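This report concerns only the one structure given below.
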Amino acid sequence: MTVLPDILFVTHRLPFPPDKGDRVRTLHLLRFLSTRARVHLASLADEPVSAEAATLLGGLCARVTAVPLGRFHWLRGLTAVPRGGTISEGVFQSKALAQVIRAWAADTRFHGAVASATSVAHYLRLPGLERTTRVVDSVDVDSQKWFDYAAMAGRPKSWVYKLEGYRLRKREQQICEWADAVTLVSDREAAMMRELTGTPNLTAVTSGVDLKYYTPAPPGPESGCLFVGALNYLPNVDGITWFARTVWPELRHHRPEAVLRVVGRKPVAAVKELATIPGIELVGPVKDVRPHLATAAVVIAPLRIARGLQNKVLEAMASGKAIVSSPAALAGFGFPDLPALSADEPRDWCEKVSFLLTNEAERRRIGLAGRIYAELHHQWSACLEPFGRILRLPDPAPRGDGS
């Protein structure tokens with residue numbers, strides 16, 4: 001019998017439910033690792049752990065700990081700034097989690113250790129992990145995201161965002177120097193990090209999409225537009241409020257029957273206010289987004305701030321939907337003939353969305369091309385294979401359920 005290696009997996013957020021982009025990637029990475037290793041999951045938790053989450057994660061891992069972030073984790077982030085730290089690391093700083101990892105490292109010889117983000121990379125430098133293969137799944141160049149925030153914000157927020165960007169850039173340099181490997185979600189992000197740090201240990205590991213879960217619905221009635229995303233995440237909030245207040249009134253002038261449904265968890269006040277605009281329906285959080293995808297004529301992704309690969313675009317493609325997106329939300333794919341319409345200026349948005357709303361044949365053509373693209377380029381098992389090579393893991397272990 002093959003003895004599987006032990007892998008420590010440190011995550012900044014419990015990887016279930018997969019209702020945010022980072023959780024989607026982390027959950028699939030956990031599943032990938034669990035077929036090749038004994039995974040020890042040490043996670044921070046920003047909400048109560050459900051029985052469903054405990055059961056699923058317990059079935060994938062040799063052991064699991066979920067340490068609550070606590071009510072004042074954002075305050076910890078802010079208080080880290082005067083001490084020369086970053087908000088990102090401060091938010092995810094936990095003495096309790098560090099204590100758990102030290103104890104595990106003392107009783108287990110880890111073959112490798114993976115951090116789900118740069119904000120928890122520092123846990124891989126705790127005593128007992130020096131001889132492990134340490135991998136940081138940076139995903140995006142996080143520092144650039146904060147510089148992007150600064151460019152969109154007024155003072156004094158722009159000052160805070162710039163400071164965070166400068167400090168994170170320094171952290172990224174340091175991480176690339178001590179980590180055995182740093183992974184990013186696209187060639188574009190890897191090239192940017194390589195240019196900033198000059199280190200060779202960078203690998204592009206793209207994200208996939210669950211092609212069994214997200215499938216084209218049987219032909220049926222379609223109407224209106226759909227936006228999906230976490231509605232307390234700044235790029236989503238900025239994107240949908242810009243579209244609703246700048247593009248939507250003009251589009252409704254030409255298509256008065258059009259409806260825009262906004263779906264996502266934790267809508268902030270700025271998003272809730274959009275429900276007062278004629279034709280906009282704030283759906284809020286849903287357990288299953290697929291029925292909304294099935295009945296939408298057009299999926300929109302009007303993000304003006306976007307890094308990495310947008311799960312909302314991938315999931316819409318896998319579902320066979322026609323997409324109109326900002327150039328920023330498509331840039332991470334790096335595919336010259338991506339089956340999605342790109343729109344930048346308000347007039348361009350109006351014309352392309354309006355065209356698709358009234359042209360079912362073109363919607364079907366784009367949707368089919370998107371599904372084929374997702375199948376060819378974004379199957380999770382193939383996408384995550386570089387982690388197996390980096391960590392020198394054995395081939396997948398046979399599973400009792402036959403999958």
Residue count, region 331-354 (criterion: hydrophobic (A, V, I, L, M, F, W, C) and touching a strand residue (DSSP E or B) at 6+ places or on another chain (Cβ under 6 Å)): 4
Residue list for region 49-72, filter: exposed (fewer than 14 other Cβ atoms within 10 Å of the Cβ) and in a helix (DSSP H, G or I): ALA51, GLU52, THR55, GLY58, GLY59
Qualifying residue in region 334-343 (condition: at pLDDT 95 or above and either of a type in the set (Val, Ile, Thr) or more than 24 Å from VAL185 (Cβ to Cβ) (or both)): no
Condition broken by ALA42, with the remaining ones in (1) in contact with a helix residue (DSSP H, G or I) (Cβ under 7 Å, 6 or more places away or on another chain); (2) buried (at least 21 other Cβ atoms within 10 Å of the Cβ); (3) part of a helix (DSSP H, G or I) satisfied: (3)
Any chance ASP142 is in contact with a helix residue (DSSP H, G or I) (Cβ under 7 Å, 6 or more places away or on another chain) and in contact (Cβ under 8 Å) with a residue 12 or more places away in the chain: yes
Condition met for GLN173 (polar (S, T, N, Q) and surrounded by fewer than 18 Cβ atoms within 10 Å (Cβ to Cβ)): yes
Filter result (surrounded by fewer than 14 Cβ atoms within 10 Å (Cβ to Cβ) and within 15 Å of LEU27 (Cα to Cα)) within region 198-227: TYR213
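Rundown of residues vs (1) out of contact with any Ser or Thr (no Cβ under 8 Å at 6 or more places or on another chain); (2) surrounded by 15 or more Cβ atoms within 10 Å (Cβ to Cβ); (3) β-branched (Val, Ile, Thr), yes/no style:
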residue	(1), (2), (3)
GLY112	no, yes, no
TYR123	yes, yes, no
VAL141	yes, yes, yes
TRP146	yes, yes, no
ALA179	yes, yes, no
Sole residue being in a loop (DSSP other than H, G, I, E, B), within 22 Å of ASP140 (Cα to Cα) and in the same structural domain as THR26 (by TED's automatic domain parsing), chosen from GLY85, GLY77: GLY85
Selected residue (criterion: farthest from ARG307 (Cα to Cα)) from residues of region 160-190 that are touching a strand residue (DSSP E or B) at 6+ places or on another chain (Cβ under 6 Å) and among the aliphatic types (A, V, I, L, M): ALA179
Answer from VAL313, VAL324 - the residue that is more than 16 Å from GLU222 (Cβ to Cβ), outside the structural domain of GLN144 (by TED's automatic domain parsing), out of contact with any Cys (no Cβ under 8 Å at 6 or more places or on another chain) and among the β-branched types (Val, Ile, Thr): VAL313
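Go through region 230-276 and count every residue that is part of a loop (DSSP other than H, G, I, E, B) and on the phi < 0 side of the Ramachandran plot.
As a first pass, look at region 230-276 and keep what is part of a loop (DSSP other than H, G, I, E, B): 230-233, 255-259, 264-268.
From what's left, on the phi < 0 side of the Ramachandran plot: 230-233, 255-259, 265, 267-268.
Residues flagged as part of a loop (DSSP other than H, G, I, E, B) and on the phi < 0 side of the Ramachandran plot within region 230-276 amount to 12.
Suppose we filter region 343-371 for residues that are of a type in the set (Val, Ile, Thr) and under 26 Å from the mean Cα position of the chain (by Cα); how many remain? Give the steps one after another, and end with the answer.
Just the residues of region 343-371 that are of a type in the set (Val, Ile, Thr), to begin with: 353, 358, 366.
With the extra rule that they be under 26 Å from the mean Cα position of the chain (by Cα), the set shrinks to 353, 366.
Matching residues across region 343-371 total 2.
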Looking only at region 286-336, and only at residues there that are part of a loop (DSSP other than H, G, I, E, B) and of a type in the set (Val, Ile, Thr), the one that is nearest to the chain's Cα centre (by Cα): ILE305
Residue list for region 73-93, restricted to those being closer than 14 Å to HIS12 by Cα and either loosely packed, with under 15 Cβ neighbours inside 10 Å or at pLDDT 80 or above (or both): TRP74, ILE87, SER88, GLU89, GLY90, VAL91, PHE92, GLN93
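The values are calculated or read from the model by the stated rules, or taken from the named source; none is laboratory data. The structure displayed is predicted, hence computed values, not measured ones. Counting neighbours? That spans all protein chains shown, and the Cβs are built from the backbone with ideal geometry, glycine included.
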